[in-house]
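Input: a single structure, listed below in structure tokens.
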Amino acid sequence: MAAPARGGRAGGHAARRLPGERSLLGGVRADRIRGRGADPLAERGGRRGPPALGGAAGRAPERPPVRPRDLVGLLPLALYLAGFTVVPVASTLALSVSAPGGGITLDHFRRIAGHYQFGEAVVNTVAVAGIGLALELLLGLAAALALIGRPAGRKSLGAIRTPVDWVGTRGLALFTVAVADAWKVTPLVMLILLAGLQAIPGELYEAARTDGASRWRQFAAITLPLLKPALTMALIVRGVDAFRIFALPLALTGRGLPVLSTYAYVEYLEYGNPHTSAASSAILLIMILLAVGTYLKLAGPEEVLR
Amino acid sequence: MRAPTSSMLALLAFWAVGPLYLMLKVSVSPPGEVMTARPTLLPHGLTLEHWRRLLEAGQVLPPLGKSLLTAGLVAAAALLLAAPAAYNLARLPSRWRYGILLGLFLVRMLPEVGIALPVAVVFLRWGLMDSVTGLVLAHLTLVLPVAAWVLTTTFLAIPREVEEAAALDGCSAWQTLWRVTLRLAVPGLTVAGLLAWLFSWEEFLLATYLTLGAKTMPLQVYYYLYQGNWFLTAAAATLMTAPVLLLTGLLQRHLRATSLAGAAR
């Protein structure tokens, strides 16, 4: 069985090298199929050439080099994102360090650093993101577990009931905004975790039950470790969004709870200072990069994009 | 189903639907029922006064129209730009694919305030402030990475053998793409389109930067909120929620948990 399979792969390679082959599909596969008839190697293996086998060979680790035409479909998207995202962000960064009279300066950063609302915005951003993420992950996990009917330690759910004993309007505002954010995105977190839970084979739980493992033990020893990629995913995706929170604090508290996004917004649209606005955007970008970088380092990058 | 699980689910449903109920309730409640120290949870009186005032003032329909048009165009443009890219991505070696997807994720990480500022400056020069075109262009920047991500997952799930079989049956490359691949991709395309639509529909920050006069629906709701009128806010917010429920309801049969999970990224 091994020999014909190799033959099929070789035939595929030869077919792909035929001159004048064009594929609008942009994929390798269509080439190979149409090339098969013209290629002597493929011809020889023709009698056992069902498409399924060709498919198996196509998944083999050795692949043809990526040609420019395999990337044609990506071009509009890449150009668009470069022009409307990367360039603007780069010009924001430039704006944050450019002196009004020309040249480079750190004055804008010094200025916002001396602004008490800016310090408050940094703290609020981190706090809202932290509280919001904790709520979303707990609720999202509880919901996903309830939907899939897998064992969960009751203890993990109990944490939701833990009262937050902050007093004072700012603490309350932070909590309100975080809860509102959690309300909005918990379903999303739940979906990510649900997909992760569905990927855990049920046999593991059967085996654990046979061995007499408690529900809490099953949760701690099977569910949590195997759910780590999905949890990482949810944490990073949601974490990045949480740092950029904007509409909720503005709608719920007006100016009462500045976060970095609303700070940048007020600096530009109300005080008309693009430089300080750009500087606080730059700080926000750095915070996001730091948070994601730290987490990736802790969790291992290969966990992320599976 | 065991009792704890179903009570857990009931609790979650309550958590999800509760705020929507309150919004609807406030929009049809007599002011005296809401503006007290102890507002009731169940409705007692019923009035359409707030809705009448909202619609008669004529301030809410133009934003509604602008948002509907913008969101529709964003969804269409997102699919047109992201589908070819995702198709290619799904056919690339995994090393390339994950590299590019990681790049898309990095683009998505960039703070909107950093994007909005220069874009607003340039659009002012180009005369695109207040325009649907400008808003669609801006919204696409944030929608495209997600759409490409979802659609890549979709195309990855379509076995190549199906395309090969179509080609063997005599389909041209275009026919295969149109009659086979895209048909199979309908659930994923629906999810990507719906996400793009939803994103644009509720987008607030970019709209704020790119609006001088012609508001979108979220800005209009915020305007009522800023005025401190709870009832108009609730009515306008209900009006803004209705198309969301309608659209998700209509597309329900195309939505599956698995494709949505990809979407969540």
task = Can you quote the Å³ per residue value for the convex hull of the Cα atoms in the stretch B:55-264, rounded to an integer?
result = 141 Å³
ask   = Which whole-number value in Å³ per residue fits the convex hull of the alpha carbons of the stretch B:1-142?
value = 245 Å³
query = For the stretch A:171-256, max minus min Cα coordinate along each principal axis, in Å, sorted largest first?
reply = 57, 22, 15
Between the stretch B:57-91 and the stretch B:103-175, the alpha-carbon center distance in angstrom = 10 Å
request  = Could you pull out every one of the lysines with an alpha carbon less than 26 Å from that of A:LYS228, ignoring same-chain neighbours closer than 8 positions?
outcome  = A:LYS155, A:LYS184, A:LYS297
task = With a 10 Å radius around each residue's Cβ, average the other Cβ atoms per peptide and rank B:110-116, B:241-247, highest first.
result = B:110-116, B:241-247
request  = Sequence neighbours fewer than 8 away in the same chain don't count; with that in mind, list the lysines whose C-alpha is under 18 Å from B:LYS66.
outcome  = B:LYS215
Sequence of B:TYR21, A:TYR116, B:TYR224, A:TYR263 once ranked by neighbouring C-beta atoms within 10 Å, starting from the fewest = A:TYR116, B:TYR21, B:TYR224, A:TYR263
key: Proximal lysines to B:LYS25, defined as alpha-carbon separation beneath 19 angstrom and excluding residues fewer than eight positions away on the same chain   = none
ask   = Taking other Cβ within 10 Å of each residue's Cβ, how do A:LEU248, B:LEU124, B:LEU212 sort, fewest first?
value = B:LEU212, B:LEU124, A:LEU248
Proxy reagent accessibility, fewest Cβ within 10 Å first, across A:ASP211, A:ASP181, A:ASP241 = A:ASP211, A:ASP241, A:ASP181
inquiry  = Sort B:93-102, A:289-298, B:153-162, A:191-200 by packing, meaning the average of other beta carbons within 10 Å per residue, with the highest value first.
reply    = A:191-200, B:153-162, B:93-102, A:289-298
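Taken together, the values in this text are just the output of simple stated rules run on the coordinates, not laboratory data. Since the structure is predicted, the reported quantities are computational estimates derived from the model, not experimental observations. Note that each Cβ is placed from the backbone with ideal geometry, even for glycine, and that neighbours are counted across all protein chains shown.
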